[in-house]
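A short worksheet on the structure shown next.
The values are calculated or read from the model by the stated rules, or taken from the named source; none is laboratory data. What you see is a predicted model; the values in this text were computed from it and never measured. Heads up, the Cβs are rebuilt from the backbone with ideal geometry, glycines too, and the neighbour counts pull from every protein chain shown. The accessibility values were calculated without ligands, DNA or RNA, using every heavy atom of the protein model including side chains. Shrake-Rupley method; radii C 1.70, N 1.55, O 1.52, S 1.80 Å.
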Amino acid sequence: MSTRSAPASAVSYPGGFLAGVGLLFRGVRMYAANPRLAALGVVPALITGVLFLGAFVTLAYFAGDVAASLTPFADDWSGGARTFARFAAGLALLGLAALIGVLAFTAVTLAIGGPFYERISERVEDRYGGVADPVEVGWARSLRRGVTDSSRLLAASALVGIPLFGAGFLPVVGQTVVPVVGALLGGWLLAVELVGTPFERRGLGLAERRRALRAIRPVTAGFGVAVFVAFLIPLGAVVFTPAAVAGATLLARRALGEPTGPARS
């Protein structure tokens, strides 16, 4: 008998959230046990990471100037109020950049390293029973699908991220509630993006991904937030991308009610 995932009705906070976090750690253990495969998975992330890190550092360097240009209404305010407004604007700007940047980084990395991450995902699938009648998708078609789906997710992040940017100006709320909401939103979109390969292997598209992940929302949130936070750590996105791919494969199997534990007699 195989160990199967808990039904959606049994998934709740906070247990489901912690289970989702645990999927990332399981991914770390899996790819750490295959250092050669892990090294291959790090290469595309390293290439993308250098480009995105350079862009983010540049934005951070000029954040003060950009914040000043975004808050011309504060030019005549008193020194303390003006400083706070521009500090809040700078933080909100960096937060929006982090949200969109993490998602864009993931999309580009998965596109560049598609064959490597496909292999990592397949290893995880095989370990827990494989996939019945997998759909063979060529690299070109997979790339087109990935670009289309990622564009939709990035557009969604921008639509929600811009109001969050505005809320970042609010005292206290902008520095406490907004970052939490941003992490939850970013984590959800990141999870939807990362499970693309295992869902595509089953012939399922973006709509099916969203529907299946909503059924285990606490687990999805836990996994997504854990990956999002890990990717915000300097070089974290480079190191954790292979583990995130492995964990996302487990998340997909759980969302579809497939085994995510070793077979037991």
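Among Leu37, Leu213, Leu185, the residue with the largest mean-square fluctuation in a Gaussian network model of the chain, with springs joining Cα atoms closer than 10 Å, is Leu37. Among the protein heavy atoms of the chain, carbon and sulfur supply 68% of the accessible surface, probe 1.4 Å, non-protein parts ignored. In this structure Leu159 has an accessible area near 130 Å², from a 1.4 Å probe over the protein heavy atoms.
On full extension, the segment bounded by Arg210 and Trp77 gains 43.3 nm, given 0.36 nm per residue less the C-alpha separation.
For the chain, the longest principal axis of the C-alpha atoms and the axis of helix 236-255 are separated by about 50°.
The H on the amide N of Gly261, modeled in the peptide plane, is under 5 Å from the matching H of Thr3, each at least 5 residues off or on a different chain. What residue among Ala183, Ala246, Ala155 has the largest mean-square fluctuation in a Gaussian network model of the chain, using Cα springs under 10 Å? Comparing Ala183, Ala246, Ala155 in a Gaussian network model of the chain, the most mobile one is Ala155. Packing, taken as the mean count of other beta carbons within 10 Å per residue, orders the peptides 188-196, 115-123, 81-89 from highest to lowest as 188-196, 115-123, 81-89.
In sequence order, segment 29-41 has phi-based couplings of 5, 5, 6, 5, 7, 10, x, 5, 5, 4, 4, 5, x Hz under the Karplus curve 6.51 cos²θ - 1.76 cosθ + 1.60, θ = phi - 60°, and Gly or Pro positions carry x. The GNM of the chain, with springs linking C-alpha atoms under 10 angstrom apart, assigns the highest mean-square fluctuation among Val66, Val131, Val172 to Val172.
Taking all protein chains into account, the per residue accessible area for the chain stands at 49 Å² (1.4 Å probe). When +1 charges are put on Lys and Arg Cβ atoms and -1 charges on Asp and Glu Cβ atoms, the dipole computed for the chain relative to its Cα centre reaches about 740 debye.
Nearest 0.05, what FRET efficiency do Ile47 and Asp133 give at R0 = 41 Å with Cβ-Cβ as r?
Efficiency at R0 = 41 Å is approximately 0.75.
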